[in-house]
Amino acid sequence: MLTVRKLNAGYGKLQVLYDLSIEVPAKGLTVVVGPNGAGKTTLLCSIMNIAKVFSGEILFEGNSLIGELTHNLAQKGIAYVPQMGNVFAGLSVMDNLHMAGYMLSKAEADAKAEQMTEIFPVLKKFIHRSAGTLSGGERRMLAIAMGLMKNPKLMLLDELSTDLAPIIAERVMMEVARMRDELGITILMVEQMAKRALEIGDTAYLLVSGQVKYSGQANSLLHEPELCSMYLGIKQLPGQGETKLSVAEEGSEGN
Ligand SMILES: Nc1ncnc2c1ncn2[C@@H]1O[C@H](COP(=O)(O)OP(=O)(O)OP(=O)(O)O)[C@@H](O)[C@H]1O
Ligand SMILES: [Mg+2]
């Protein structure tokens, strides 16, 4: 669905990404992991035309995205959930959902918002509360729901676990896996919480200093002890059978 080929990109004259190539297949969860400053956010910003592309190709369903206006990308079916500041704190949960669905008709937006509260029951509970009063994890769910309001084909998720307690981050991750499994959405997820991301992901890329150091099955990267300990802070290899968690196992509400 999305192909990035030999991408060189950065900010102004600063180059951050070097000859980076990735493939994001339809309906899969592609994970990009790597240490701080590796260029993970820059990759998403290049796709969204926020960072500067020096050379290379970015193709979405076969068409180049380079030079596309950022606000046109939503219409093309790409939703971007940025790392921070991704909800309107002063607005209610409902109003946030409606803001995100601004291109829908009122009736469509109402129906979509209703669907979001079914997917994320926690949003239903707080539908009239201002988003600024939500906990970090609830806020992240709202940000994901806002992305889904746009009926995207492709979702770009930037470090959903930032600033969350590990258990909450875990829950958010499982929601992402559920989104792939139940809604069939194609996801490109950038993540620092590498272990869980690699457990739920299909394919993975390890990004170090703007270059791809590993590409392949997400799970298999967990069996590369050197890469795991050097770049991802994962010391222990997972035990047999722990490699693929199902969403149900995590105790998600299942509705
Ligand atoms: N707007 C910007 N202008 C100039 N340099 C930037 C800008 N944004 C990021 N950088 C630099 O680009 C490099 C890569 O940053 P990036 O945010 O892509 O890393 P990251 O992998 O997302 O890191 P983290 O895990 O900390 O979020 C860093 O050296 C950073 O300082
Ligand atoms: Mg980042």
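The values are calculated or read from the model by the stated rules, or taken from the named source; none is laboratory data. Note that this is a predicted model, so its numbers are computed, not measured. Every residue, glycine among them, receives a Cβ derived from its backbone with ideal geometry; neighbour counts consider all protein chains shown.
Here are the numbers for the structure shown:
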read-out: Only one of L29, L69, L65 that is touching a residue at least 24 places away in the same chain (Cβ under 8 Å), farther than 21 Å from S209 by Cβ and away from ligand 1 (no atom under 16 Å from the Cβ); value: L29
read-out: Residue within segment 81-92 that is farther than 29 Å from L198 by Cβ and aliphatic (A, V, I, L, M) present; value: yes
read-out: Any hit, segment 137-158, residues being away from ligand 2 (no atom under 16 Å from the Cβ), free of Cβ contacts under 8 Å to residues at least 40 places away in the same chain and touching a Leu at 6+ places or on another chain (Cβ under 7 Å); value: yes
read-out: Some residue of segment 161-179 being at pLDDT 90 or above and within 15 Å of ligand 1 (Cβ to nearest atom); value: no
read-out: Residue satisfying all of: in segment 1-30; surrounded by fewer than 17 Cβ atoms within 10 Å (Cβ to Cβ) and of a type in the set (G, A, S); farthest from ligand 2 (Cβ to nearest atom) among these; value: A26
read-out: Segment 76-89 residues that are away from ligand 1 (no atom under 13 Å from the Cβ), paired with ones that are in a loop (DSSP other than H, G, I, E, B) and aromatic (F, W, Y) (beta carbon under 8 Å, 6 or more apart); value: none
read-out: Of all residues in segment 66-119 being within 16 Å of ligand 2 (Cβ to nearest atom) and hydrophobic (A, V, I, L, M, F, W, C), the one that is surrounded by the most Cβ atoms within 10 Å (Cβ to Cβ); value: V81
read-out: Residue under evaluation N36, criteria (1) more than 20 Å from Q192 (Cα to Cα); (2) surrounded by fewer than 14 Cβ atoms within 10 Å (Cβ to Cβ); (3) within 12 Å of ligand 1 (Cβ to nearest atom), criterion not met; value: (1)
read-out: Matching residues, segment 31-42, being hydrophobic (A, V, I, L, M, F, W, C) and within 9 Å of ligand 2 (Cβ to nearest atom); value: A38
read-out: Residue in segment 48-61 that is more than 17 Å from M84 (Cα to Cα), in a loop (DSSP other than H, G, I, E, B) and near ligand 1 (Cβ under 7 Å from one of its atoms) present; value: no
read-out: Answer residue from segment 221-237, given it is surrounded by fewer than 17 Cβ atoms within 10 Å (Cβ to Cβ) and touching a residue at least 12 places away in the same chain (Cβ under 8 Å) and is nearest to L29 (Cα to Cα) among those; value: H223
read-out: Criterion violated by Y231 - all others in (1) within 27 Å of G62 (Cα to Cα); (2) within 15 Å of ligand 1 (Cβ to nearest atom) satisfied; value: (1)
